[in-house]
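The values are calculated or read from the model by the stated rules, or taken from the named source; none is laboratory data. The model shown is predicted, which means the values in this text are computed figures rather than measured ones. We place every Cβ from the backbone using ideal geometry, glycine too, and count neighbours over all the protein chains shown.
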Amino acid sequence: MNTAVLLELHYLPCVQYFSKLAHYPVVYIEAEENYQKGSYRNRCHIAGANGLLRLSIPLKQGKNEQQNIREVEIAYKEPWQSQHWNSIRSAYGNAPYFEFYAGQLRPHFERKPTFLFDFSYSLLQTLLELLQMDVSLRLADAYERETPEGMLDLRNTIHPKKQRRWPDPHFTSIPYPQVFLEKHGFLPNLSILDLLFCTGPQAPLILEESFI
């Protein structure tokens with residue numbers, strides 16, 4: 001039986017990602033891989049007034065392919081942080097729990113950390129606190145092609161592109177009230193922000209139900 005899971009680090013991870021964190025008592029974050037473009041490592045999806053909205057963090061030196069994930073630097077030529085926060089506020093300002101959680105998330109978008117990994121990891125820790133999830137979060141100290149016994153390797157299985165996404169028999173998308181539900185219908189597996197702002201304290205229960 002697997003008691004730990006290994007995942008790469010995502011920016012404001014999706015509900016599917018957090019369903020793993022809710023199920024496994026020990027979570028290892030891959031900290032020695034190379035950056036891979038087109039993934040959730042520097043992007044997330046939220047539900048805006050016009051439908052699905054992608055937020056993407058710009059990076060220095062192109063797409064940083066084959067660069068160690070801890071060395072990938074964020075670019076600040078454009079005010080992407082204020083743009084992302086404004087998009088989040090526009091999308092969820094009317095959500096039932098936006099004001100309850102926004103104050104603890106907004107400071108992340110006012111700092112200018114050098115590295116993508118540090119920014120996303122700090123956000124992940126804050127999200128786990130807001131969700132009151134008791135997770136033993138650890139950084140993998142070496143890249144392992146073969147994972148140890150008792151650990152489930154889910155690296156690169158949760159992906160924004162359908163052709164690169166792995167089937168997940170242990171995840172089902174549980175519908176919940178969304179801000180623009182009547183306009184767009186239910187949009188599954190968005191960033192955890194969507195679930196958090198829309199359902200608040202019920203979010204951990206929905207995450208548990210999402211794991212089958």
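Tabulated data
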| read-out | value |
| --- | --- |
| Number of the condition not met by Glu110 [criteria: (1) modelled with pLDDT of 95 or more; (2) surrounded by 11 or more Cβ atoms within 10 Å (Cβ to Cβ); (3) over 23 Å from Gly38 (Cβ atoms)] | (2) |
| Residue in segment 46-53 that is of a type outside the set (Lys, Arg) and on the phi > 0 side of the Ramachandran plot present | yes |
| Exclusive hit being assigned to a helix (DSSP H, G or I) and either over 21 Å from Arg43 (Cα atoms) or modelled with pLDDT of 95 or more (or both), set Glu146, Glu182 | Glu182 |
| Leading residue by the ranking (farthest from Asp194 (Cα to Cα)) among those in segment 27-53 that are in contact (Cβ under 8 Å) with a residue 60 or more places away in the chain and surrounded by fewer than 16 Cβ atoms within 10 Å (Cβ to Cβ) | Glu32 |
| Ile174 more than 19 Å from Leu55 (Cβ to Cβ), touching a Ser or Thr at 6+ places or on another chain (Cβ under 7 Å) and in a helix (DSSP H, G or I) | no |
| Total residues in segment 113-127, condition more than 19 Å from Ser39 (Cα to Cα) and touching a Phe, Trp or Tyr at 6+ places or on another chain (Cβ under 9 Å) | 2 |
| Residues (closer than 19 Å to His170 by Cα and either touching a helix residue (DSSP H, G or I) at 6+ places or on another chain (Cβ under 6 Å) or surrounded by fewer than 21 Cβ atoms within 10 Å (Cβ to Cβ) (or both)) located in segment 1-12 | Met1, Asn2, Thr3, Ala4, Val5 |
| Pairs, first over 22 Å from Arg89 (Cβ atoms) and among the small types (Gly, Ala, Ser) in segment 197-212, second assigned to a helix (DSSP H, G or I) and at pLDDT 95 or above, C-beta under 7 Å, six or more apart | Ser210/Val15; Ser210/Ser19 |
| Phe100 being more than 30 Å from Gly150 (Cβ to Cβ) and in contact (Cβ under 8 Å) with a residue 60 or more places away in the chain | yes |
| Residue list for segment 145-163, filter: surrounded by 10 or more Cβ atoms within 10 Å (Cβ to Cβ) and in contact (Cβ under 8 Å) with a residue 40 or more places away in the chain | Thr147, Gly150, Met151, Leu152, Asp153, Leu154, Arg155, Asn156, Ile158, His159, Pro160 |
